[in-house]
Amino acid sequence: MIQIEGLNKTYHTGFLMRPKKALTDIHLQVPQGIIYGFIGPNGAGKSTTIKVLTGLLNFDSGKVQVAGFSPRVVKSRTRLGYCPEQPYFYDYLTGRELMFFYGRLAGLQGKELEKRTEWALNLVHANKDWIDRRLRTYSKGMMQRVGLAQSILSKPELLILDEPMSGLDPMGRRDVREAILSLNKEGVTVFYSSHLLSDVESISDRVAMIVDGRIVREGSIDEITSSCSVQYHIRTGETPSNLSLPSGVKPSSQSGEWTCENAAARDLFIQYCLNAGISIERIDHQRPSLEDILTEEIARAES
Amino acid sequence: MQSLSHIGIIALNTFRESIRDKILYNIVFLAIGLAVFSILLGEWSVFDRAHVIKSTTLTIMSLSGLLISVFVGISLVQKEIQRKTVLTLLSKPISRVSFIVGKYLGLLGVVACHLILLTVVYYIILFVTESSPSLSLLSAIYMVFCEMAIVVAVALLFSSFSTPVLSALFTLGVYFAGHLSNQLLEQVQFVKRMGEVEGFGSVLMEKMAIIIHAVFPGLYRYNISSNVVHQIALPDWYLFWQSLYALGYIGLFLAIASWWFNRRDFL
């Protein structure tokens, strides 16, 4: 559904138009029918990539295809729904009038338009009395729901959402999550960016991690987490001297607990404890979460 | 067909947005107030009262149309970009050309409504003051509309790539240059004929006046109030040729605005 090959994008900022590389050699493939999470820290290039896909930004080089068309072509947007981060709309319209406005732009008319509007508003739990109030009176959560509703109004095959859950309360996040899953069940491909890694882990089929304008990890959640070494946590009865610890072993925040970076470090530490007559009370192993991996990648990029 | 429908939807939305602008009402009421004030001007003037009322009101129409184009029109595109409503709009299957043309037609609709309202006020004033209202005045009002159609296109062109303040200054510049370019050329040629400036300076001045005359839209062509008020016949097909001239400039300005808008990044 989305194909990106060797995408590069540079911004020119300031009076002197100094170049700043925003995306560097991005490669992404989003197959049809999946939920694809796009994660990364602020300013990593998530929104830039999404705006390139929706035709809002031009790019320097590379090949980008959305539903079989270049995003520069109007046709690429006929099967696309998009909700920007913090959606802004004409605040003199009511929520329902806004839906009709965007519906007409998507080619819907008459009864069909009314039917689709009802369907979209119901899906995001926005079909309430406030939908007939002017948008200037809406809270952020209401705006986010209307934004999501307008993006699915034309029943798109591809839905691109930029931070759809940011600023929402737990109920709102749950509603958006459920709406994404429900649309995906109907065959809609969803590509979305998010900071909320727990949500990404719970609903995404595949994930791409972008740091400093480069894709650093890509794959299913399992593929990404299993590609990292497992950490081992060991609890000892007595506290050995830190100075003589084997390499790869660090003390944890709690006294008497130790973190071994890999299996070799674990074995060395066990041997060390046996030799020193220190009792071992517990050994755990833990796979890193997306958050751990992202933090590690950010630290690596910064260094 | 789909593009025409998109243009219509955007134009209607622009019209609805513009008629909510408080500045518009200030300009409309100011124009109506000045039109009514022209009755007093007619009384005070040493010239024929009817002539003063007619020509003053036509000038008010032109200037108030300019103010609407500048203060309402220029912010239209910038507002879409600054408020980021453009992000959702352009992610729909509409071309950026449709967006620009829709915005243009929406604002032109506002200017047309303003002129229709002033025309009604104009004729009421003429009837009340018994200043021989005639249908020939409508041709002068139509010319003001054509002039405004060009000015709105200029405003939209500048607002597609510049800040509102600069766009306003540029648009006012084009308006005054367009009105004065003919006089400037005539003056320069007169001065040259009289031999007051000679040599390279004379050639340079004339060339510059010719360039200004050729590049800026000749808005002086649309000021036919003296012909209409004093019942001086216009050349045959004058309105038709001036309409065509306006269409040419509007097409050019909208094409440049669309081209530029196509190249823009929306962050």
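Would you please name the residue that is surrounded by the fewest Cβ atoms within 10 Å (Cβ to Cβ), looking only at residues in region B:28-67 that are without any contact (Cβ under 8 Å) to a residue 60 or more places away in the chain, of a type in the set (A, V, I, L, M, F, W, C) and closer than 30 Å to B:P164 by Cα?
Selected residue: B:F29.
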Test for A:I2: is it in the same structural domain as A:K185 (by TED's automatic domain parsing) and closer than 17 Å to A:S76 by Cα: yes
Out of A:V176, A:V230, which single residue is touching a strand residue (DSSP E or B) at 6+ places or on another chain (Cβ under 9 Å) and under 30 Å from A:S252 (Cβ atoms)? A:V230
When residues of region B:191-228 are limited to those that are hydrophobic (A, V, I, L, M, F, W, C) and in contact with a Ser or Thr (Cβ under 6 Å, 6 or more places away or on another chain), the one farthest from B:L135 (Cα to Cα): B:I212
When B:S91 is run through (1) surrounded by fewer than 22 Cβ atoms within 10 Å (Cβ to Cβ); (2) within 13 Å of chain A (Cβ to nearest Cβ); (3) modelled with pLDDT of 85 or more, the failure sits at (1)
Conditions first: (1) more than 14 Å from chain A (Cβ to nearest Cβ); (2) surrounded by fewer than 22 Cβ atoms within 10 Å (Cβ to Cβ); (3) at pLDDT 80 or above. B:K79 passes all but one, so which condition is the exception? (1)
In region A:153-173, the residues that are in contact (Cβ under 8 Å) with a residue 40 or more places away in the chain and either within 13 Å of another protein chain (Cβ to nearest Cβ) or acidic (D, E) (or both): A:L153, A:S154, A:P156, A:E157, A:L158, A:L159, A:I160, A:L161, A:D162, A:E163
Restricting attention to region A:47-77, and to residues there that are under 20 Å from A:V188 (Cβ atoms) and part of a helix (DSSP H, G or I), which single residue is farthest from the chain's Cα centre (by Cα)? A:K75
Can you name the residue in region A:81-96 that is under 21 Å from the mean Cα position of the chain (by Cα) and at the interface with another protein chain (Cβ under 7 Å from one of its Cβ atoms) and is also surrounded by the most Cβ atoms within 10 Å (Cβ to Cβ) among such residues? A:Y82
By residue number, the members of region B:161-220 that are closer than 30 Å to B:Q82 by Cβ and exposed (fewer than 12 other Cβ atoms within 10 Å of the Cβ) are B:V165
From A:I280, A:I270, residue being in contact with a helix residue (DSSP H, G or I) (Cβ under 6 Å, 6 or more places away or on another chain) and of a type in the set (A, V, I, L, M): A:I280
Only residues that are under 30 Å from B:F47 (Cβ atoms), part of a helix (DSSP H, G or I) and modelled with pLDDT of 85 or more: list them for region B:218-267, please. B:L219, B:Y220, B:R221, B:Y222, B:Y238, B:L239, B:Q242
Checking A:R300 against (1) under 30 Å from A:I210 (Cα atoms); (2) part of a strand (DSSP E or B); (3) of a type in the set (K, R), only one condition comes out false. Which one? (2)
Just for region A:233-278: of the residues that are of a type in the set (G, A, S) and in a helix (DSSP H, G or I), which one is surrounded by the fewest Cβ atoms within 10 Å (Cβ to Cβ)? A:S244
Residue selected from region A:97-135 under the condition of a type in the set (D, E, K, R) and within 29 Å of the chain's Cα centre (by Cα), by the criterion nearest to the other protein chains (Cβ to nearest Cβ): A:R116
Of the residues A:S61, A:S70, which is more than 8 Å from every other protein chain (Cβ to nearest Cβ) and either in contact with a Gly (Cβ under 7 Å, 6 or more places away or on another chain) or closer than 28 Å to A:E118 by Cβ (or both)? A:S61
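So if I check each of B:I100, B:I150, B:I124, which one is farther than 30 Å from A:L98 by Cβ and at pLDDT 90 or above?
Matching residue, one of B:I100, B:I150, B:I124: B:I150.
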If we keep only residues of region A:124-150 that are polar (S, T, N, Q) and touching a helix residue (DSSP H, G or I) at 6+ places or on another chain (Cβ under 6 Å), then the residue modelled with the lowest pLDDT is A:N127
Residue under question is B:S132, and the condition is that it be surrounded by fewer than 24 Cβ atoms within 10 Å (Cβ to Cβ), touching a helix residue (DSSP H, G or I) at 6+ places or on another chain (Cβ under 9 Å), of a type in the set (G, A, S) and on the phi > 0 side of the Ramachandran plot; does it hold? yes
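The values are calculated or read from the model by the stated rules, or taken from the named source; none is laboratory data. Here the structure is a predicted model, which is why all the values come from computation and not from measurement. For neighbour counting, all protein chains shown are included, and Cβ atoms are generated from backbone atoms with ideal geometry for every residue, glycine included.
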